[in-house]
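S.K.: One structure, as C-alpha cells, below. Some questions next.
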Amino acid sequence: MSFTEKTKNKAQELSGLAKERIGQATDNERLRAEGATEQSTARARKAGEQAGRDVKDAFNK
C-alpha cells in the first residue's frame, strides 16, 4: 500500500470518527451509522494490507 493510499485510509477513518461523534452529539442515528461504516471500511483495508504483508514476509523467509 502506497503512502497515498495509507493517507486516504487514515483520512477516511478520521472522517468517520468525526461523523460518528457529531451524530452522537446531535442524536442523529444516520450520521452516526455512516461514521461507523466509514471507520470500519478504513480499518478493513488496513487489516487487508497487513495480512498481505504477512503473507509476503512468510514467503520471503
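The values are calculated or read from the model by the stated rules, or taken from the named source; none is laboratory data. The structure displayed is predicted, hence computed values, not measured ones. Please note: Cβ atoms are built from the backbone with ideal geometry, for glycine as well, and neighbour counts cover all protein chains shown.
S.K.: Within the set of pairs 6 or more residues apart or between chains, which connect a residue that is among the β-branched types (Val, Ile, Thr) inside region 40-61 to a residue that is modelled with pLDDT of 80 or more with Cβ atoms less than 9 Å apart?
M.R.: Every condition considered, the pairs that remain are Thr41/Asn9; Thr41/Gln12; Thr41/Glu13; Thr41/Gly16.
S.K.: So, one more: Of the residues Ala25, Ala42, Ala58, only one is surrounded by fewer than 11 Cβ atoms within 10 Å (Cβ to Cβ), part of a helix (DSSP H, G or I) and modelled with pLDDT under 95; which?
M.R.: Numbers: Ala25 fails: modelled with pLDDT under 95; Ala42 fails: surrounded by fewer than 11 Cβ atoms within 10 Å (Cβ to Cβ).
Result: Ala58 is the single residue among Ala25, Ala42, Ala58 that is surrounded by fewer than 11 Cβ atoms within 10 Å (Cβ to Cβ), part of a helix (DSSP H, G or I) and modelled with pLDDT under 95.
S.K.: Among the residues of region 1-22, how many are part of a loop (DSSP other than H, G, I, E, B) and basic (Lys, Arg)?
M.R.: Going through region 1-22, the residues part of a loop (DSSP other than H, G, I, E, B) turn out to be 1-2.
Those still in the list that are basic (Lys, Arg) too: none.
Of the residues in that region, 0 qualify.
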